[in-house]
Amino acid sequence: MFSRAFNNLTARFNGLYYSTLNINEGIYKIEQNHKDNFEKTLPVFIYPTNESAKSTFTDFDNAIKKSTRCIRLHAIKDKKNVEIPSAGKWIDDNWINIGIAMFYKREMFNAIDNFEYVIRMYIKSKDKYSAMLWNIRVNSEVGTVSAAEQYLSLLKNEKKLPYYVKREVPVVLADYYSRIGLYAEASTNLMKAVKNKNIFTGIKRKKRARYAFIVAQYLEQNRDYRRAAMYYKKTIDLKPPQYELSFYARIKLARMLDVKRNNSDRTKRELLQMAKEYKNIEYCDVIYYTLGQMEEKENNIDKAYLYYLKSVQKSTVNKNQKALSYLKLGEINFDKTNYPSSESYYDSTIATLPKDHPQYDQIVARKKTLSQLVAQIKTIKNEDSLQRITKMSDNERNAYIDKLIKKVKKDEEQQEREKEAQQNLNNAAGTFTNLGNNNNNNSQIPGMGGNGQVMFYFYTPQLVNNGITDFASKWGNRKYEDNWRRSNKAVIAENITPENVKKDTSNTKTTTKALTNKDREYYLKNLFLSDSLLTKSNLKIIEAYYLMGSIYKEELNNNKKAIGTFEELNKRFPKNKYELNTYYILYRIFDTDKNTERSEYFKNKILNEYPDSDIALLLKNPESVKQINSRKSDVEKFYARTYRKFNKGEYKAALDSSNHGLSKFGINDFTPKFQYIKAISLGKLSSIDSTEFYLKLLVAQYPKSDITPLANDILLSIKKQKNPELFTPKNNNLIAKKDTFLIDFEKEHILIAICPDDPKMITDFKTRLDGFSKKYYSNKQFSITSNLFGNGQQMIMLKAFDNATQCVAFYENLNRDAEVFKGNVKREAFDLYPISSFNLPYFYKVKKPKIYEQFYNDNYKNIPGAAKP
């Protein structure tokens with residue numbers, strides 16, 4: 001009996017007490033380090049992330065050690081060394097503490113096992129209800145909410161719950177409901193928790209204030225603004241120790257104010273007063289943003305804009321708020337069609353906006369559109385400026401450039417003066433590093449307060465002025481730089497040796513002076529001093545105008561800007577290559593707007609100036625669109641049949657089919673592709689010279705076709721085969737400048753995967769790829785790396801294989817593995833290619849996987865097991 005009492009006493013006041021202290025210390029640190037985002041709904045409970053949990057491992061490890069030791073020493077066991085649950089007290093509490101510590105260490109399933117053990121073994125103990133509560137919390141956090149439902153039902157229906165469990169049930173229920181999107185049920189349960197203010201058995205004021213704030217957020221989401229305001233006010237009334245809660249409750253009340261029914265002047269005055277208070281210095285950005293929202297509601301857009309600007313200027317800590325303020329500035333400029341400024345603000349938004357923002361993808365898409373638009377505007381502006389300067393007389397041009405150079409020099413001199421003044425001040429400060437201490441008459445000593453405390457140096461103007469005077473009297477006005485004590489820095493001797501002197505005196509070679517922005521030639525080199533360069537410049541402007549008009553029309557839905565852009569293009573460059581397209585776009589815009597006069601005008605322009613075009617045919621006979629589409633569909637189907645023959649190696653049939661397609665369908669989008677199949681098939685059937693001839697013809701006739709880069713690569717390969725001496729190391733200066741893919745199956749190979757830049761998907765794929773290689777290729781050592789690959793893509797590399805055969809075999813096995821490609825790692829999201837280490841740099845440089853895919857299909861298909869990527 002004495003032994004049992006001793007064990008119970010020690011289990012409670014030794015193991016349980018000290019492990020609880022460690023747990024409370026760890027939870028306190030987590031809550032102190034946690035930063036709430038008040039622009040989102042707050043979580044009911046504060047948990048650490050996998051990363052932040054590491055900082056509290058020591059506290060929770062100590063808790064686990066103490067409770068584990070307590071169980072080992074004081075749990076009462078039978079002769080088989082099996083614990084007797086009903087024989088002792090406080091052991092179940094120690095088990096629960098171990099589970100809690102594991103939970104906060106993010107060892108979720110170990111924690112669940114501990115809580116399940118208590119529920120299963122300690123049937124008669126009331127602490128099993130605590131274990132149930134924690135089990136629900138862990139399962140909710142893991143995302144397995146269905147596993148928590150049986151305990152939720154039991155706790156809701158149990159009548160004799162201990163008070164410390166009963167008060168937590170509504171809070172745990174609210175957390176559960178919020179995670180499955182039932183916010184009405186969540187707010188109902190949290191309201192019960194807010195009302196539980198019993199001094200002895202209730203919930204602490206600090207927690208009730210947080211719950212009241214969350215209830216208000218739920219109600220605000222549900223547009224129940226009256227009750228939401230009531231709970232925000234309740235949060236303020238509870239005077240939470242966390243100042244942010246009461247601050248944001250006031251901010252939320254201001255943002256919810258109905259400016260149509262209520263006078264907002266008083267609220268604005270209160271917010272401006274808050275901005276002046278020292279305790280709100282780091283929240284000024286939030287205050288000004290709220291004032292901007294209020295002005296925007298009242299349609300005072302200019303005032304709102306100024307407040308958003310002020311919010312950005314005052315934002316120093318809160319990146320989320322800075323992003324929201326930038327976003328508002330971007331939206332206002334966008335609505336005013338001030339697109340260049342809007343693009344700048346959207347760019348700043350994306351730099352600071354968290355990727356989990358609900359509108360992140362739409363914001364990024366708009367920013368990309370604006371960036372494309374601004375690029376065209378800049379192209380036109382730049383080319384026009386260069387053309388204007390080019391057309392000047394020599395004297396006018398030189399005078400203009402000299403004026404630019406003068407401005408550059410003036411700006412640099414101004415910057416130097418400002419920098420020198422600041423550095424001289426810093427030097428002066430360095431001469432006063434140690435002041436004497438005279439306690440009898442401190443008030444008479446510069447830099448000393450009347451109470452004997454040393455004042456900050458720059459708060460005492462007398463010391464600053466004395467320092468500058470002393471420095472100037474000794475050294476004069478010196479620039480702060482290396483060797484500032486030297487008055488003549490023309491020559492500084494460093495490492496002078498006879499060898500250096502000899503080398504210097506014998507060096508008579510002259511070097512060309514590098515051009516800077518203070519030289520005329522620096523500006524002249526970019527001017528169009530020949531007709532061909534001027535023509536290229538005009539083509540750039542035409543392209544920019546057309547793209548700009550298309551963006552206005554298709555992306556920004558700004559028909560007015562699109563009309564102005566297309567008309568300006570045709571006015572400046574009559575008969576440009578986009579004239580027909582722009583006529584038709586303008587016709588469609590005016591026709592949609594029911595502007596018959598203007599739509600008929602552009603319709604007649606098309607019919608008179610381009611009578612034989614498909615668009616003219618369409619306007620004359622709308623039913624002809626079916627004929628055009630049918631004709632295009634026939635070409636596409638015929639090409640597909642031709643390509644299948646070519647891909648199977650049936651070169652004679654492919655050659656006949658391509659010749660038939662060229663003669664039957666004439667010039668169309670598939671003509672260069674027919675030409676390519678014809679050229680390669682001829683080479684397979686007769687000689688390489690035929691391939692070379694027809695590929696050169698293809699490149700000359702269709703320089704902008706998708707197939708042309710591949711044709712160029714093959715032409716270069718043919719050239720290397722015919723003239724290998726030009727590509728040997730001895731003739732490096734003659735090596736062709738254009739890279740290409742080369743065939744060498746014996747070289748080291750790498751397996752690459754191109755996929756979207758999705759961090760979670762990439763991490764899962766790399767983990768599974770590593771597991772696959774260790775499971776099936778344990779005798780080989782691979783490394784997995786990744787790099788950015790163009791816009792929104794990543795390239796993952798598994799290396800290395802001794803040759804192509806090994807790499808292709810691995811690729812085929814991986815391609816069929818269902819364990820790698822499942823869930824969020826979808827096979828269709830990945831382009832997989834075996835590639836030689838020689839070809840990889842060129843592949844990464846050109847970033848055109850489809851060209852390499854064609855190369856792979858043409859050359860790797862005879863390797864055992866090889867198939868199309």
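Within the range 696-708, which residues are under 22 Å from ALA640 (Cβ atoms) and either open to solvent by 40 Å² or more (accessible area, probe 1.4 Å) or in a helix (DSSP H, G or I) (or both)?
Here is the first cut: in the range 696-708, the ones under 22 Å from ALA640 (Cβ atoms) are 698, 702, 705-708.
Selection gives LEU698, TYR702, ASP706, THR708.
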Considering residues that are without any contact (Cβ under 8 Å) to a residue 40 or more places away in the chain and either touching a Pro at 6+ places or on another chain (Cβ under 9 Å) or open to solvent by less than 30 Å² (accessible area, probe 1.4 Å) (or both), the number found within the range 192-206 is 7
Working only within the range 644-658, note down all residues that are open to solvent by 60 Å² or more (accessible area, probe 1.4 Å) and assigned to a helix (DSSP H, G or I).
ARG644, LYS645, LYS652, ASP656
Which one is farthest from the chain's Cα centre (by Cα), of the residues in the range 659-687 that are under 13 Å from ASP634 (Cα atoms) and not in a helix (DSSP H, G or I)?
GLY666
Could you please tell me which pairs satisfy a Cβ distance under 8 Å, a separation of 6+ or placement on different chains, a first residue in the range 359-371 that is closer than 18 Å to ASN320 by Cβ, and a second residue that is surrounded by fewer than 13 Cβ atoms within 10 Å (Cβ to Cβ)?
TYR360/PRO354
Answer yes or no: is there a residue in the range 308-318 that is within 25 Å of LEU272 (Cβ to Cβ) and touching a residue at least 40 places away in the same chain (Cβ under 8 Å).
no
Got at least one residue in the range 293-303 being open to solvent by less than 50 Å² (accessible area, probe 1.4 Å) and part of a loop (DSSP other than H, G, I, E, B)?
no
Filtering helices (runs of 4 or more DSSP H) wholly in the range 79-191 for at least 3 residues that are hydrophobic (A, V, I, L, M, F, W, C) gives 91-104, 108-121, 127-142, 149-157, 169-179
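Which of the residues spanning the range 152-165 are touching a Leu at 6+ places or on another chain (Cβ under 9 Å) and touching a residue at least 24 places away in the same chain (Cβ under 8 Å)?
Result: LEU152, LEU155, LEU161, VAL165.
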Within the range 73-105, of all residues that are of a type in the set (Lys, Arg) and buried (at least 18 other Cβ atoms within 10 Å of the Cβ), the one modelled with the highest pLDDT is LYS105
Considering only the range 799-869, give the helices (runs of 4 or more DSSP H) lying wholly within it that have at least 1 residues that are open to solvent by less than 60 Å² (accessible area, probe 1.4 Å) and within 15 Å of PHE772 (Cα to Cα).
804-815
Flagged in the range 115-127 as buried (at least 24 other Cβ atoms within 10 Å of the Cβ) and within 43 Å of the chain's Cα centre (by Cα), in numbering order, are PHE115
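Here's a check for you: in the range 352-381, which residue that is of a type in the set (Lys, Arg) and assigned to a helix (DSSP H, G or I) is farthest from TYR552 (Cα to Cα)?
My answer is LYS381.
Tally the residues that are within 20 Å of SER385 (Cα to Cα) and crowded, with 18+ Cβ neighbours inside 10 Å, restricting the search to the range 543-569.
6
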Count of residues meeting criterion [under 30 Å from ALA323 (Cβ atoms) and open to solvent by 90 Å² or more (accessible area, probe 1.4 Å)] in the range 1-56:
6
Let me confirm something: among TYR232, TYR307, which residue is over 21 Å from GLN217 (Cβ atoms), of a type outside the set (Val, Ile, Thr) and surrounded by 15 or more Cβ atoms within 10 Å (Cβ to Cβ)?
TYR307
Mind checking whether some residue in the range 255-271 is open to solvent by less than 60 Å² (accessible area, probe 1.4 Å), modelled with pLDDT of 95 or more, touching a Phe, Trp or Tyr at 6+ places or on another chain (Cβ under 7 Å) and assigned to a helix (DSSP H, G or I)?
no
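Based on this model, can you work out whether GLU396 counts as of a type outside the set (Phe, Trp, Tyr) and out of contact with any Lys or Arg (no Cβ under 8 Å at 6 or more places or on another chain)?
yes
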Counting only residues in the range 662-675 that are under 20 Å from SER686 (Cβ atoms) and of a type outside the set (S, T, N, Q), the one most open to solvent (accessible area, probe 1.4 Å) is identified as LEU662
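The values are calculated or read from the model by the stated rules, or taken from the named source; none is laboratory data. All figures in this text were calculated on a predicted structure; none of them were measured in a lab. Please note: Cβ atoms are built from the backbone with ideal geometry, for glycine as well, and neighbour counts cover all protein chains shown. Surface areas here come from the heavy atoms of the whole protein model, side chains and all, with no ligands, DNA or RNA. Shrake-Rupley method; radii C 1.70, N 1.55, O 1.52, S 1.80 Å.
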